[in-house]
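Where a number appears in this text, it was derived from the coordinates with a stated rule and is not lab data. If you're wondering where the values come from, they're calculated on a predicted model, not measured in any experiment.
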């Protein structure tokens, strides 16, 4: 889970966890819905942080400092392939 999708999914987990923790007051046996809400919020924050780091690192690699190669292939008058590679920084 990386990028904007991961951030969005993490935000959904945080919101769902907050609703379970603060807005729902159900008495059940076997599990505590408030604790599940806290777990979802913690998992959402961790997922959001990981997604942010991954998004920033892939964004940085795509935007700055790389080299690009332009590959062109043509035919000469005899039909032989002529390949040209132009490297741009």
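Of note:
- For residue 71 and residue 28, the difference between the fully extended length at 0.36 nm per residue and the C-alpha to C-alpha distance is 8.9 nm.
- Alpha-carbon gyration tensor eigenvalues x 5, square-rooted, for the range 3-88, Å: 55, 13, 8
- Alpha-carbon Rg with Dmax, taken over the range 18-61, Å: 15.5, 50
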